[in-house]
1. P(r) of region 58-107 in 10 Å steps, Cα pairs, percent per bin?
2. Two decimals, Cα atoms only, Kirkwood Rh: what is Rg/Rh over region 51-193?
3. When only alpha-carbon atoms count, how far does region 92-131 stretch along each of its three principal axes, as whole angstroms with the largest first?
4. Put one equal scatterer on each alpha carbon of region 109-193, apply the Debye formula with no solvent term, and list log10 I(q)/I(0) at q = 0.16, 0.17, 0.26 1/Å to two decimals.
5. Mind ranking Leu136, Leu149 by accessible surface for me, highest first, 1.4 Å probe?
6. Within region 43-148, what percent of beta bridges assigned by DSSP are antiparallel, to the nearest 5?
7. Starting with the highest mean, order 89-97, 174-182, 52-60 by the number of other Cβ atoms within 10 Å, averaged over the residues of each peptide.
8. Leaving out ligands, DNA and RNA, what percent of the accessible area of region 77-125 is carbon and sulfur, probe 1.4 Å?
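The values are calculated or read from the model by the stated rules, or taken from the named source; none is laboratory data. Small disclaimer: the values here were computed from a predicted structure and weren't measured. Cβ sites come from the backbone with ideal geometry, for glycine too, and all protein chains shown count toward neighbours. Just the protein is used for accessible areas: all its heavy atoms, side chains included, with ligands, DNA and RNA removed. Shrake-Rupley method; radii C 1.70, N 1.55, O 1.52, S 1.80 Å.
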Amino acid sequence: MKKCWTFLILAVTAMLILTACGQKGVQTEEDNSVQKSSETSDGQEESQKISFGDFTSQTLDGEEVTQEIFSEAEVTMVNIWGTFCSPCINEMPELGEISRKYADRNVQIIGIIGDVYESGDETAQEIIETTKADYLHMIASEDLQKGILSEITAYPTTIFVDAEGTQIGEMYIGARDQAAWELIVEQMLSEVH
């Protein structure tokens, strides 16, 4: 029995290592900019939903980005990743494919680089170019650090939001393959219609 538990613990640990990385370099200061709701419109309690609220950040190229970016699509897949995280980097080529495939279906992907605090980071730029993850990537601005990034426990973490920046569905921790993400994207599209 002891061998069985040891094997189970090792298997779970290996799975976590292969699909997600621990947090590195993310400040966890609390702030009111991340809003959570715990009731549905009919008063039923549900799991906590995150709203990005107001924020200002920059793209890796230095262009200003605000919460208005979410209004550009019905569904936005926000993938929070780190330059140190191999599961994050390994799934990025397929995220790039999904971004291109769903662009005409009112879906966008936005990356938030959780360990990059200034635009122009060469490591992040090289990763994006190499993986062809050619969707918008934002740096971890102070607003995002105090907001959404304070809620993140591992990389990659993916959150789907509507046009107002409010979470739809659940928060996904860990990497997935293209087929798994596409099933989730289809489910998110059905939730907003």
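1. 20, 45, 35, 1
2. 0.92
3. Result, largest extent first: 32, 18, 13 Å.
4. -0.73, -0.83, -1.46
5. Leu136, Leu149
6. On the way: 4 of 15 bridges.
Of those bridges, close to 25 percent are antiparallel.
7. Final packing ranking: 89-97, 52-60, 174-182.
8. Summing carbon and sulfur atoms, their accessible area is 41 percent of the total for region 77-125.
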